[in-house]
Structure formats: structure tokens, C-alpha cells
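Undergrad: Sharing a structure here in C-alpha cells format.
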Amino acid sequence: MAACEGNVFTEEQEALVVKSWTVMKKNSAELGLKFFLKIFEIAPSAKKLFSYLRDSDVPLEQNTKLKSHAMSVFVMTCESAVRLRKAGKVTVRETTLKKLGATHFKYGVVDEHFEVTKFALLETIKEAVPQMWSAEMNNAWGEAYERLVAAIKAEMVACSQA
């Protein structure tokens, strides 16, 4: 979390994240898939990072493994953001965080992948709650995402030193 320690996730940022997640939560399956489709639209080569997509002829929108993965990633990301201020740090189960670090390390995920994912996440949220969207909300979700990524990267470094 070193990269984000200087910034405080404020009450105002928390309120914006909670308010928007409350609206989005009921559509998390659909939004998760949109999120991943945006990632693949921006960076088609990212599909190669997912073994179940490499040799599949099933359209992405209909791929059940992608749908399931996309929803779980979207929900985990959003729930982590919602809990950030109360916990004072990224909170996903430690085993989940270690697994995320190991998986991202194993598949060679680099900073550019995280940047594309951040852009896709923010665009997905913006489209999901256009009436609420503002520069402040963009910053709140961006800060929460950066903290999650910092925690994942810390686990990736631990994997590289193992």
C-alpha cells in the first residue's frame, strides 16, 4: 500500500463510492461483463491472459466462465472500495489477496494492464450511474482502485521474491 499511504480516503469519497455501489449492486453481473468487455475492447491482447478464452469460439458476451469471473472481480473491487475507509486499508480476505497476487504474477500482469483496467472500471461506473457521476466520484473510485492495485502488487512482489 506504500504508493497510496499519503492520501487519506475521505468521508466524502466513501459516501460517493457507497452511494454509487448501492445503485450498481443489483446489476453487478451485467456491469461486471461490461467492465471486462471494455478491457478487451481497449486491449484485445488481454484475452490471452485468460486460459478459458484462448481457444474458445464462444462469443465473449456468452462465455459463462467469463461472466462468472467478471462479476466476481467487479463485486470484489466495489466491495473493497466500500470498506476502504472503515478498515483503513484494502480488505479482501488475506488468502484472496495472496491468490490475486500469485495469479497476476504468474500471468505476467504489468502496470499497463492495471491502467487499462482502471480506465475500464471508471467508464463502466460512469455509464452505470451517469446522473451521479462527477469529477469527485471519479477521483473516489480511482483512489479506491489504486489502493486495491497497490495491495495486489505488494503480493506480486512477495511472489517474485519467493
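The values are calculated or read from the model by the stated rules, or taken from the named source; none is laboratory data. Everything numeric here is computed off the predicted structure, so don't read it as measured data. Neighbour counts are summed over all protein chains in view; Cβ atoms, including those assigned to glycine, are modelled from backbone coordinates with ideal geometry. Surface accessibility is based on the protein's heavy atoms, side chains included, excluding ligands, DNA and RNA. Shrake-Rupley method; radii C 1.70, N 1.55, O 1.52, S 1.80 Å.
Undergrad: With a Förster radius of 25 Å, plug the Cβ-Cβ distance of residue 26 and residue 146 into 1/(1 + (r/R0)^6) and report the FRET value to the nearest 0.05. Numbers along the way, then the final one.
TA: Details: r = 26 Å, r/R0 = 1.05.
According to the calculation, E is roughly 0.45.
Undergrad: Any chance you could list P(r) for the stretch 9-77, counting all Cα-Cα pairs in 5 angstrom bins from zero, rounded to whole %?
TA: Calculated P(r), rounded to whole percents: 3, 16, 23, 22, 13, 10, 7, 4, 1, 0.
Undergrad: Something else: Per-residue HN-Hα couplings for the stretch 20-29, Karplus 6.51 cos²θ - 1.76 cosθ + 1.60 at θ = phi - 60°, whole Hz, x for Gly and Pro?
TA: With coefficients 6.51, -1.76 and 1.60, one gets 6, 5, 4, 6, 6, 3, 5, 10, 5, 5 Hz.
Undergrad: Full-extension gain between residue 47 and residue 11, please, as 0.36 nm times their residue separation minus the C-alpha to C-alpha distance. Intermediate results must be reported in sequence, preceding the final value.
TA: Values: separation 36, 0.36 × 36 = 12.96 nm, distance 3.68 nm.
Difference between extended and current length: 9.3 nm.
Undergrad: While we're on this one: Given 19/48; 26/153; 38/86; 86/153; 26/48, which pairs have Cα atoms separated by over 28 Å? Numbers along the way, then the final one.
TA: Working: 19/48 35 Å; 26/153 30 Å; 38/86 30 Å; 86/153 22 Å; 26/48 30 Å.
As for pairs spanning more than 28 Å Cα to Cα, those are 19/48; 26/153; 38/86; 26/48.
Undergrad: Another question about this same structure. Report the gain in length on full extension from residue 157 to residue 54: 0.36 nm times residue separation, minus Cα-Cα distance, nm rounded to one decimal.
TA: Details: separation 103, 0.36 × 103 = 37.08 nm, distance 2.67 nm.
Result: 34.4 nm gained on full extension.
Undergrad: Roughly how many Å² of residue 64 are accessible to a 1.4 Å probe, to the nearest 10?
TA: 100 Å²
Undergrad: What does the charge add up to near residue 123, with Lys and Arg as +1, Asp and Glu as -1, over the other residues with Cβ less than 12 Å from its Cβ?
TA: Numbers: positive: 34, 38, 118, 126; negative: 41, 127.
With Lys, Arg at +1 and Asp, Glu at -1, the neighbours total +2.
Undergrad: Highest mean first, how do 144-156, 41-53, 23-35 rank when packing is the count of other Cβ atoms within 10 Å averaged over residues?
TA: Packing proxy ranking, top to bottom: 144-156, 23-35, 41-53.
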